[in-house]
Amino acid sequence: MTDLSAGDLAIAAARCADDKQGRNIVILEVSGVLAITEFFVVIDAPNRRLVRTLVEEVEERLRELTGRSPLRVEGLREQQWVLMDYGDVVVHVFLDEIRRFYEIERLYRDAPTVQWA
């Protein structure tokens, strides 16, 4: 277990989701526009089953890597937009049509993106 910076935690979450077929993965550095967190990791999936799989995988792998669990997870029952709050990093796993509807990247278009691949 290691104590990762917020940026490294966000990158680890993105790579983990990528390994499990998460799509359109973007990391936004939102610390300049939000006081409550530093990074958003935004992921989508084509079906609810993959949404759940991505959430479970990110949670498990980040716990193995860092010993950290999310402070809270919201939306898991519906499996359309799951929010995993790690404090300094918030992971959003969307069903693809829900992501298109909410356009979270447009809302935070002033936030820089982080290269992770």
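Quick notes on this structure:
- Matching residues in the stretch 50-77 - criterion: being over 21 Å from Ala117 (Cα atoms) and touching a residue at least 24 places away in the same chain (Cβ under 8 Å): Arg52, Gly67, Arg68, Leu76
- Pairs, first under 21 Å from Val73 (Cβ atoms) in the stretch 92-110, second part of a helix (DSSP H, G or I) and open to solvent by less than 50 Å² (accessible area, probe 1.4 Å), C-beta under 7 Å, six or more apart: His92/Ile104; Val93/Val51; Val93/Leu54; Val93/Val55; Leu95/Val51
- The helices (runs of 4 or more DSSP H) found entirely in the stretch 30-117 that carry 2 or more residues being open to solvent by 10 Å² or more (accessible area, probe 1.4 Å) and in contact with a helix residue (DSSP H, G or I) (Cβ under 8 Å, 6 or more places away or on another chain) are 48-66.
- Matching residues, the stretch 1-26, being open to solvent by less than 40 Å² (accessible area, probe 1.4 Å) and farther than 20 Å from Ser69 by Cβ: Ile25, Val26
The values are calculated or read from the model by the stated rules, or taken from the named source; none is laboratory data. Keep in mind that what you see is a predicted model, and the values were worked out from it rather than measured. For neighbour counting, all protein chains shown are included, and Cβ atoms are generated from backbone atoms with ideal geometry for every residue, glycine included. The area values use the complete protein model at the heavy-atom level, side chains included, leaving out ligands, DNA and RNA. Shrake-Rupley method; radii C 1.70, N 1.55, O 1.52, S 1.80 Å.
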